[in-house]
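Undergrad: Pasting a structure below so you can have a look.
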Amino acid sequence: MRGEAMKMTIFGARGSYPLSRRDQLRYGGNSTCIHFQTASGDDLILDGGSGIRLLGDEMMTRQFGSGQGRAYILVGHTHWDHILGYPFFAPFYRPGNRFVVVSAGQTNAHIREILSGQHEDMHFPVPFEDLSADLEYLTFRPGQHLALGGFKVETVQLNHPGITVGYRIEADGAVATVFTDTARVTKARLGDGMGGPDPDDGFSKEFKSRLAHCARGSNVLVHDSHFLEHEIVGRYHWGHSTFEDALEMAHLADVGTLVLFHHAPEHSDAVVDEKLAMARDLADGVSVEAACEGMTMELGRSRRPQSGEWQADVVDWGADGGQKGAL
Ligand SMILES: [Zn+2]
Ligand SMILES: [Zn+2]
């Protein structure tokens, strides 16, 4: 159902690897996948963890089932938990569907090579060439602004190995920012070009303010909250945060709602409940939720609407199939 505002739905909230355990059914065991849809029906997918299979089934009941669908896919980064669902994404196998895979330039390989690598015959029986949908690739540098159909997207590099990107996604006057995987910068510097590995006060301050600028005034900030505080000790270089780090960013960026995300695979529903309760105790004006499969949020108008000065660095075709040009 289309609404009057951008809608965000979580299809996978788990980090590191998907799993299915009886005591995790409420928050779900699928790895990361978030779907956004504008009021006019433009589709944007962030990450292809195992949750994308469920999203694909839903999309096949719409125009993607008859090969008339178009969608953008934002690649956060290419660790396994964020890409392992693509080979099982049904709309890729329907001729006529069109996808634009939007990714930061990766240091070691083009995104097409990384995705097709999952289809090599020692891993998977269906060759990448058998994907009958039309896949195009759009590459950017973190920090660039992207105009993707009805979505205005800002990008920022996160503190995680390789090149990992956080996205600010704006449509219909509402904003959601997603920082899927990012480590506590005061403890470790990770990622290509981050100048690591040692923490540095000046860098940490500058880095946090860059992230806060990206998330500024968002209706919703979806943020890595993988570890509990006693678990992160000795694992600062694993590339993840706690709910305290997520709350700090939510306050710095003055967001409306914080959604805790990338739950550790070993955390039961009871542990995630406890994490949520502790975060709410410290929330100080920010509303806090924990991401779970099937959670849908219709985002209201931005508390601090985007200024008119926003300019795209990279513009792609709109989902209506129009020509390249300004929004
Ligand atoms: Zn991850
Ligand atoms: Zn990762």
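Undergrad: Report the percentage of all Cα-Cα pairs in the range 32-168 whose separation exceeds 21 Å, rounded to a whole percent. It would help to have the intermediate numbers written out before the result.
TA: Details: 3505 of 9316 pairs.
Roughly 38 percent, rounded to a whole number.
Undergrad: Rounded, prolate or oblate, given the Cα gyration tensor of the range 7-303, with a/c below 1.5 counting as rounded? All intermediate terms of the calculation are to be shown ahead of the outcome.
TA: On the way: a/c = 1.42, a/b = 1.37, b/c = 1.03.
Rounded, since a/c falls under 1.5.
Undergrad: Looking at 204, 68, 160, which one has the Cα that reaches farthest to the positive end of the dipole of the range 7-303 (charges on Cβ: Lys, Arg +1; Asp, Glu -1)?
TA: 68
Undergrad: Within the chain, how many lysine pairs that are 8 or more places apart, or on different chains, have C-alpha atoms less than 21 Å apart?
TA: Working: 7/152; 152/324; 187/205; 187/208.
Here the count comes out as 4.
Undergrad: What share of the DSSP beta bridges in the chain is antiparallel, in percent to the nearest 5? Don't skip to the answer; put the middle values down first.
TA: Details: 27 of 62 bridges.
Of all bridge pairs located within the chain, approximately 45 percent are antiparallel.
Undergrad: What GluC sites (Glu not before Pro) does the range 227-312 have in DSSP loop regions with at most 15 other beta carbons within 10 Å? Present the calculation step by step, with values, prior to reporting the outcome.
TA: On the way: sites: 229, 231, 244, 248, 266, 274, 289, 293, 298, 309; in loops: 266, 293, 309.
When the GluC sites (Glu not before Pro) of the range 227-312 are filtered for loop state and at most 15 Cβ neighbours within 10 Å, 266, 309 remain.
Undergrad: Something else about it: Does the range 1-86 classify as rounded, prolate or oblate by the C-alpha gyration tensor (a ≥ b ≥ c root eigenvalues; a/c under 1.5 gives rounded; else a/b over b/c gives prolate, otherwise oblate)? Mind dumping the intermediate values first?
TA: Working: a/c = 1.87, a/b = 1.64, b/c = 1.14.
Because a/c hits 1.5 or more and a/b exceeds b/c, the range 1-86 counts as prolate.
Undergrad: Then there is this: For the chain, what does the helix formula give at 222 nm: sum of -39500 (n - 2.57) over DSSP H segments with n ≥ 4, over the residue count, nearest 500 deg cm²/dmol? Could you put the intermediate results ahead of the total?
TA: On the way: 7 runs with 63 residues, N = 327.
Dividing the helical sum by the residues of the chain leaves -5500 deg cm²/dmol.
Undergrad: Compute the signed sum of charges (Lys and Arg +1, Asp and Glu -1) over the other residues within less than 13 Å, Cβ to Cβ, of residue 169. Don't skip to the answer; put the middle values down first.
TA: Working: positive: 7, 152, 168; negative: 42, 43, 47, 154, 170, 172.
Neighbour charge sum, excluding residue 169 itself: -3.
Undergrad: By count of other Cβ within 10 Å, fewest leading, how are 22, 112, 98, 168 ordered? Mind dumping the intermediate values first?
TA: Numbers: 22 7, 112 14, 98 18, 168 24.
Ascending Cβ contact count within 10 Å gives the list 22, 112, 98, 168.
Undergrad: What does the charge count near residue 25 come to, summing +1 for each Lys or Arg and -1 for each Asp or Glu among other residues with Cβ under 10 Å from its Cβ? Provide the component values of the computation, followed by the final result.
TA: Values: positive: 21, 22, 26; negative: 23, 269, 293.
That works out to 0.
Undergrad: Next question, about the same structure. Any idea what the dipole of the range 1-127 comes to, in debye rounded to 20, about its Cα centre with Lys/Arg Cβ at +1 and Asp/Glu Cβ at -1?
TA: Numbers: 12 positive and 11 negative charges, 62 e Å.
The dipole of the range 1-127 has a size of about 300 debye.
Undergrad: Please compute, for the alpha-carbon atoms of the range 195-296, the extent along each of the three principal axes and give them in descending order in Å.
TA: 37, 32, 24
Undergrad: Another question, then. Cα gyration tensor of the range 102-193, axes a ≥ b ≥ c as square roots of the eigenvalues: rounded (a/c below 1.5), prolate (a/b > b/c) or oblate? Each step should come with its number before you reach the end.
TA: On the way: a/c = 2.39, a/b = 1.29, b/c = 1.85.
Oblate, since a/c reaches 1.5 and b/c is not below a/b.
Undergrad: Taking the Cβ of each residue in 208, 7 as the centre, tally the other Cβ atoms inside 10 Å and list the residues starting with the fewest. Mind showing how you got there, number by number?
TA: Numbers: 208 18, 7 21.
Ranking 208, 7 by Cβ neighbours within 10 Å, fewest first, gives 208, 7.
Undergrad: Right, something else. Could you tell me how far the Cα centroid of the range 73-104 sits from the Cα centroid of the range 156-216, in Å?
TA: First find each Cα centre; the distance between them is then 23 Å.
Every read-out reported here was derived from the displayed coordinates using simple, explicitly stated rules and does not represent laboratory data. The shown structure was predicted, so the numbers you read here are calculated from the model rather than taken from an experiment. Cβ: placed from backbone, ideal geometry, glycine included. Neighbour counts: every protein chain shown.
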